[in-house]
Amino acid sequence: MERKSIDREKKRKPSGAAVIRPELTTALFRALFEEWAQSGYAALSLERVAARAGAGKAAIYRRWPSKREFVRDAVQSVGINLSDFSDHGSLGTDISAYLRATRVAFRHPLIRKIIPDVVAERMRTPEVSEMLDSLTAARREFGKQMLDRAVARDELRPALDRELALDLLISSLYMRMIVHSKNPTMAEIDRQAIAIEAAIKAC
């Protein structure tokens, strides 16, 4: 009986131990993106991020050992889900769904400010380059699954240049919305989808 009591004591959380609350983690991510959009990556202040989230800086360091890990997890938390890579039955409908979901993401005011900053910062900061490469690789794996489904449906050649096809998938929408700051209509998105499908089939 005495041993069981000791074992139970060992399993208890220490009195006053910090509890990692998911809602605060979400608030910290949101505050990070708001601060990033306003100040840029190079000037990111974890103190200001914590203040925006209504927390202390210790709340960040209880979750992540450094700014690098904090930013990486925040970007990973949203970056994979910016687009729709699911199966809609055909290559054309898959591309259309991908473009429509990405259009919604690119219209978000924070994303429109952060993406150009990330692209510029990756040339100066190795940790940003590494973070972006990791995210890009994960997203391209989902894109390759989309292409593999089209190959299985005999819509694309097995010898397809997948890397070129994935570049074509995103390039026109990125140029229109991020580089030129335009908001394409749904009719324009549909025309892009038709053009991208034809281009990918030529890869």
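The values are calculated or read from the model by the stated rules, or taken from the named source; none is laboratory data. Computed from a prediction, not measured in an experiment: that's the story for all the values here. Reconstructed Cβ throughout: ideal geometry from the backbone, glycine too, with neighbour counts over all protein chains shown. We work out accessible area using only protein heavy atoms, side chains counted, and drop any ligands, DNA or RNA first. Shrake-Rupley method; radii C 1.70, N 1.55, O 1.52, S 1.80 Å.
Consider R68 carefully, then state whether it is out of contact with any Phe, Trp or Tyr (no Cβ under 8 Å at 6 or more places or on another chain), basic (K, R) and either at negative phi or assigned to a helix (DSSP H, G or I) (or both).
yes
Can you name the helices (runs of 4 or more DSSP H) wholly within segment 95-203 that have at least 2 residues being of a type in the set (F, W, Y), open to solvent by less than 80 Å² (accessible area, probe 1.4 Å) and in contact with a Cys (Cβ under 8 Å, 6 or more places away or on another chain)?
Helices (runs of 4 or more DSSP H) meeting the threshold: none at all.
Tell me, yes or no, whether segment 153-162 has at least one residue that is touching a residue at least 60 places away in the same chain (Cβ under 8 Å) and touching a helix residue (DSSP H, G or I) at 6+ places or on another chain (Cβ under 7 Å).
yes
Can you find, within segment 19-31, the residue that is modelled with the highest pLDDT among those that are open to solvent by 50 Å² or more (accessible area, probe 1.4 Å) and within 19 Å of L46 (Cα to Cα)?
R30
Limited to segment 83-94, what total is found for residues that are crowded, with 17+ Cβ neighbours inside 10 Å and either of a type in the set (F, W, Y) or not in a helix (DSSP H, G or I) (or both)?
Count: 3.
Can you spot a residue in segment 71-78 that is closer than 15 Å to W36 by Cα and assigned to a loop (DSSP other than H, G, I, E, B)?
no
Given the conditions (1) at pLDDT 85 or above; (2) farther than 28 Å from S181 by Cα; (3) of a type outside the set (F, W, Y), report the number of the one that G92 does not fulfil.
Failed condition: (2).
Which condition does R72 not pass, out of (1) at pLDDT 90 or above; (2) within 18 Å of L135 (Cα to Cα), if it passes all the others?
(1)
Regarding segment 45-57, can at least one residue be identified that is in contact (Cβ under 8 Å) with a residue 60 or more places away in the chain and in contact with a helix residue (DSSP H, G or I) (Cβ under 8 Å, 6 or more places away or on another chain)?
No, segment 45-57 contains no residue that is in contact (Cβ under 8 Å) with a residue 60 or more places away in the chain and in contact with a helix residue (DSSP H, G or I) (Cβ under 8 Å, 6 or more places away or on another chain).
Could you tell me which residue of segment 50-62 is surrounded by the fewest Cβ atoms within 10 Å (Cβ to Cβ), considering only residues that are of a type in the set (D, E, K, R) and either assigned to a helix (DSSP H, G or I) or modelled with pLDDT under 90 (or both)?
So, considering only residues that are of a type in the set (D, E, K, R) and either assigned to a helix (DSSP H, G or I) or modelled with pLDDT under 90 (or both), the one surrounded by the fewest Cβ atoms within 10 Å (Cβ to Cβ) is K57.
For F142, work out the one condition from (1) modelled with pLDDT of 95 or more; (2) of a type outside the set (K, R); (3) closer than 30 Å to E35 by Cα it doesn't fulfil.
The single condition F142 does not satisfy is (1).
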